[in-house]
1. Is there a residue being within 15 Å of Glu176 (Cα to Cα) and either surrounded by 16 or more Cβ atoms within 10 Å (Cβ to Cβ) or modelled with pLDDT of 95 or more (or both) anywhere in the range 255-275?
2. Restricting attention to the range 234-253, which residues are open to solvent by less than 30 Å² (accessible area, probe 1.4 Å), farther than 18 Å from Tyr184 by Cβ and assigned to a loop (DSSP other than H, G, I, E, B)?
3. Among the residues of the range 292-304, which ones are of a type outside the set (S, T, N, Q) and either in contact (Cβ under 8 Å) with a residue 12 or more places away in the chain or touching a Gly at 6+ places or on another chain (Cβ under 9 Å) (or both)?
4. Residues in the range 178-192 that are farther than 14 Å from Glu161 by Cβ and touching a strand residue (DSSP E or B) at 6+ places or on another chain (Cβ under 7 Å): how many?
5. Kindly provide the set of residues from the range 103-140 that are under 57 Å from the mean Cα position of the chain (by Cα), farther than 16 Å from Leu46 by Cβ and among the hydroxyl-bearing types (Ser, Thr, Tyr), ordered by number.
Amino acid sequence: MRKIGLFFLCLAVFLLCVAGGYVWLFLTPRGVLRADAPDKVMQSWLDQHDAVWLREQYLAQSPAAVTEFEDGPVVAARLYDAAVREDDLTFREEHAAERSAAHILSAGDTDLFRADLSFSGSRWDLTGLKALDTIHGSTHSVSVLLPEDAALTLNGVSVGEEYIAETGILYPDMTELEKEFDAYPTRVRYEIGGLYETPAVEASRPDGLVLLSADGVNWEYTVPDAAGYSFSVCVPQGSAVTVNGALLTDAQLAGSSTLSPPLNVPEAVKPSLPSVSYYAAGGLYTRPEITVTAKDGSLLTGTEEGSMVSYSLPADDRLYDQHHERVERFLREMIDYGAGHSWYGKPGALVAPDSEVYTYLRVASASLKWTVNVTLTFQDVSSSDYIALGDGAFLCRGHAEFTTRTAYQTKEISMDYDMLWVSLEDGWYLWDLAFA
């Protein structure tokens with residue numbers, strides 16, 4: 001009997017051990033016979049989610065930190081696609097405890113997520129999926145050099161002044177003269193960092209821009225009329241010439257000469273002819289604004305003559321007051337003489353006897369017998385631009401508007417004359433004139 005009792009006791013102990021071992025292997029969280037062990041739960045979850053879903057989940061959790069000039073989701077997607085080139089999804093256990101576990105989920109060589117699992121009640125469940133900060137891209141800066149009055153955009157977004165890294169940058173070929181101007185154009189350099197991709201750079205200004213270079217990192221713009229302004233002036237010698245506030249010096253002096261009016265000037269008068277100076281400069285970025293001041297402090301007015309602007313000496317009002325009646329009387333009598341009224345037109349009385357004009361009037365009078373029945377009406381006779389040539393001569397300009405009528409036609413005539421008057425013993429006389 002004792003042997004039978006001992007047998008059943010041993011059998012009972014064996015069965016209890018077997019039952020306990022089975023319970024431990026099947027029912028405990030880490031039992032090897034469990035159908036929902038962490039790795040099996042992980043594999044089952046992975047079988048239900050493809051690479052596309054994981055991509056969307058990763059991008060939702062890990063947007064790229066970008067500047068205002070780039071789109072975070074777009075940059076993040078491109079970084080992801082560059083890093084993850086395989087659809088083969090795997091996992092490995094990173095952490096194991098009795099009632100918790102963590103697995104790293106990877107695509108190829110790139111770790112994407114940490115999956116957390118926990119045992120609750122009687123089963124294992126995936127309780128968390130967190131994207132890992134494993135996908136990064138390098139950023140870079142771009143530099144844009146452009147005129148100070150230009151506007152800049154990157155990827156369609158306006159670039160603010162806070163991105164200006166440097167101001168007052170001179171154009172490389174700016175002349176020393178222009179640097180002395182009261183104001184001249186300069187350039188600014190923008191620097192924008194934190195960019196992942198090569199941006200679309202656009203710049204604009206009201207008068208246009210020219211792109212000089214662009215390599216994806218550096219852009220340089222200039223103005224369409226870069227160094228395209230110039231000036232050339234003729235001024236009375238001794239005048240002060242300023243261009244945009246800068247006083248010209250001999251460095252800009254192109255030459256000088258004595259004024260040569262289209263008149264026959266006596267040798268005794270030639271030394272009194274005014275001299276003129278020529279100034280010229282080019283390669284300017286600034287439109288030249290020229291001011292010419294005569295020796296007496298008066299401002300001179302220029303007239304364009306081809307590519308040059310000429311400034312004349314200021315008119316002498318004293319000479320005008322003293323001589324304009326005699327000059328204008330000569331004009332009336334000369335025009336009256338030319339209309340064939342030689343019997344009472346007496347311009348010769350106002351002409352120097354030794355001059356070529358006097359000879360011409362005397363010789364031409366014989367031909368005027370064919371000019372008859374001409375009615376002459378004056379609308380205006382005036383004179384201006386009196387310039388003294390020493391004490392014994394002066395230049396001036398005459399103007400006349402008149403109408404001639406015959407039985408056959410009527411003509412409206414406007415004439416301008418350059419004149420040289422000289423002082424003789426008994427008064428002032430015309431020496432020469434030319435049609436202006």
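1. Taking the range 255-275 as the starting set, the residues that turn out to be within 15 Å of Glu176 (Cα to Cα) are none.
Among the residues of the range 255-275, not one is within 15 Å of Glu176 (Cα to Cα) and either surrounded by 16 or more Cβ atoms within 10 Å (Cβ to Cβ) or modelled with pLDDT of 95 or more (or both), which makes the answer no.
2. If the condition is that a residue be open to solvent by less than 30 Å² (accessible area, probe 1.4 Å), farther than 18 Å from Tyr184 by Cβ and assigned to a loop (DSSP other than H, G, I, E, B), then Ser239 is the only one that fits.
3. Step one: list which residues in the range 292-304 are of a type outside the set (S, T, N, Q), which gives 292, 294-297, 299-300, 302, 304.
Answer for the range 292-304, where residues must be of a type outside the set (S, T, N, Q) and either in contact (Cβ under 8 Å) with a residue 12 or more places away in the chain or touching a Gly at 6+ places or on another chain (Cβ under 9 Å) (or both): Val292, Ala294, Lys295, Asp296, Leu300, Gly302.
4. Within the range 178-192, the first condition is being farther than 14 Å from Glu161 by Cβ, and the residues that meet it are 178-187.
Now drop any that are not touching a strand residue (DSSP E or B) at 6+ places or on another chain (Cβ under 7 Å), which leaves 178, 180-181, 185-187.
Total meeting the criteria: 6.
5. Selection gives Thr134, Ser138, Thr139.
The values are calculated or read from the model by the stated rules, or taken from the named source; none is laboratory data. Because the structure is a prediction, the values reported are computed rather than measured. Every residue, glycine among them, receives a Cβ derived from its backbone with ideal geometry; neighbour counts consider all protein chains shown. In case anyone asks, the SASA skips ligands and DNA or RNA and just uses the protein heavy atoms, side chains included. Shrake-Rupley method; radii C 1.70, N 1.55, O 1.52, S 1.80 Å.
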